[in-house]
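Report on the following structure.
The values are calculated or read from the model by the stated rules, or taken from the named source; none is laboratory data. In this text, all values refer to a predicted model and were calculated from it rather than measured experimentally. Note that we place each Cβ from the backbone using ideal geometry, even for glycine, and neighbour counts take in every protein chain shown.
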């Protein structure tokens, strides 16, 4: 993943930083070009698309680099990306439109529309509102239950996901703490469907995308009419960035399934910044100013970062949007992440400024380096080399992950050496069941100790001894970057009777919520 950056690009960006310190003018398109080319190389991202909106107009829209390393196809302003969790704002807007039509209220109980909806605690079930679905304050932990839809190829339906929420144990009291959640947005999409009588995907495309003339976009990758100008995801595999398959479950579209381009998504963002208005002379309206203000109003408090250069004193989650103060300005933003794809949207209503960065490699540092540099030029912030700062953070994170992995490998080698190079997996063999995730089997496959999920087939891999009753699973699909500890509990006779799991690396995506599994041996 690491590349040596040429002196030419370092010089170019140094010029940009120095120029920003000397002038107060916003960054121009030529400077954005130089910045993005540097980011492509620094973070080993094949392709990026950047959009800048000012005063209701898209003033910069351009693609950079490669959409697909296998074909060499270039990225342009119409190249389609999975916007991932940037989809959540559309789900919130869809519910807002139904509120405006008098069909629901934000604080209606979810069970009024989905009677089978249940959380772990009966009180929480009865008190849970539509607003709660959108605000990440359910009491569930970060990414709880995401393994039902991530990675793809699992057989969990939306019905299964809604049913299985009742088995997920809370980690905090209801409405007391922010923890990002995907599955409750899936429930929100189900509310849209049951109230409107229209599939969530059809509602989004017909009621939002069509009026805004987002003709290339779709509510799911599988609904795209033309995929000739689509990126493919890319991820580091064995230290080298490679094209990987699109990883998505159709059951989760309301949480992150939309595909769009910089040109198309800018229309949605402009409508957001115009408080729901669109069309010639803003004569049409998707939703009212009241609905807009509700979605852009704080709902759940988030710990703020008060450090330079932005000195954010307050941060919160609204309805589908992150909200904070940045240098005295209200910032509205969201990110999205799929395997091999990450996206970001940033808006400043008072500055009439919007920034969009879409990438086809899972490097959040890349989009942050671009968006922060652009917004600094409008906020009057100077002296921050975000490419350098983000690169140092990436390097530190990767160094920590590498150190952890090396220590684990050393301990595994020691265990094998003590056992004469043989691992006796016999005591651990069997089938283990989790209430919401289903069965996992421990077996011998081609002479190797093997772990496999029955409902999520991509989660299968070889087991290695670590220490005591703790093993390590290394998944066969190396693009997952989610190897895990497999910790066995034992009965009174010392025989394994259960499994707990945790990701090895601090860089593992939170949607691999192994920590929420409670596997019990059934045979």
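Among the residues here, residue 138 does not qualify as at pLDDT 95 or above, closer than 30 Å to residue 340 by Cβ and either touching a strand residue (DSSP E or B) at 6+ places or on another chain (Cβ under 9 Å) or surrounded by fewer than 21 Cβ atoms within 10 Å (Cβ to Cβ) (or both). Within the stretch 459-489, the residues that satisfy the criterion of being modelled with pLDDT under 95, over 22 Å from residue 421 (Cα atoms) and either touching a helix residue (DSSP H, G or I) at 6+ places or on another chain (Cβ under 6 Å) or surrounded by fewer than 20 Cβ atoms within 10 Å (Cβ to Cβ) (or both) are 477, 478. Listed by position, the strands (runs of 3 or more DSSP E) contained in the stretch 318-437 that have at least 2 residues being surrounded by 21 or more Cβ atoms within 10 Å (Cβ to Cβ) are 329-338, 341-348, 353-359, 430-434. The criterion of at least 3 residues that are in contact with a helix residue (DSSP H, G or I) (Cβ under 6 Å, 6 or more places away or on another chain), in contact (Cβ under 8 Å) with a residue 24 or more places away in the chain and within 17 Å of residue 214 (Cβ to Cβ) is met by the following helices (runs of 4 or more DSSP H) wholly inside the stretch 73-137: 88-100. Just one of the numbered conditions (1) within 25 Å of residue 152 (Cβ to Cβ); (2) surrounded by 19 or more Cβ atoms within 10 Å (Cβ to Cβ); (3) free of Cβ contacts under 8 Å to residues at least 60 places away in the same chain is not true of residue 514; which one? Of the numbered conditions (1) within 25 Å of residue 152 (Cβ to Cβ); (2) surrounded by 19 or more Cβ atoms within 10 Å (Cβ to Cβ); (3) free of Cβ contacts under 8 Å to residues at least 60 places away in the same chain, the odd one out for residue 514 is (3).
Got at least one residue in the stretch 166-185 being surrounded by fewer than 22 Cβ atoms within 10 Å (Cβ to Cβ) and at positive phi? Yes: one or more hits. Every test in (1) more than 24 Å from residue 82 (Cα to Cα); (2) surrounded by 22 or more Cβ atoms within 10 Å (Cβ to Cβ) is passed by residue 288 save one, and that test is (2).
Of all residues being within 18 Å of residue 336 (Cβ to Cβ) and outside any loop (DSSP other than H, G, I, E, B) in the stretch 223-248, which is modelled with the lowest pLDDT? Just the residue, please. Among residues in the stretch 223-248 that are within 18 Å of residue 336 (Cβ to Cβ) and outside any loop (DSSP other than H, G, I, E, B), the one modelled with the lowest pLDDT is 235.
Each row is one residue, and each column tells you yes or no for (1) in contact (Cβ under 8 Å) with a residue 24 or more places away in the chain; (2) not assigned by TED's automatic domain parsing to the domain that holds residue 470.
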site	(1), (2)
409	no, yes
413	no, yes
428	yes, no
435	yes, no
442	no, no
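Quick check on the stretch 249-272. Is at least one of its residues assigned to a loop (DSSP other than H, G, I, E, B), closer than 29 Å to residue 161 by Cβ and modelled with pLDDT under 95? Within the stretch 249-272 (the criterion being assigned to a loop (DSSP other than H, G, I, E, B), closer than 29 Å to residue 161 by Cβ and modelled with pLDDT under 95), the answer is yes, since at least one residue qualifies.
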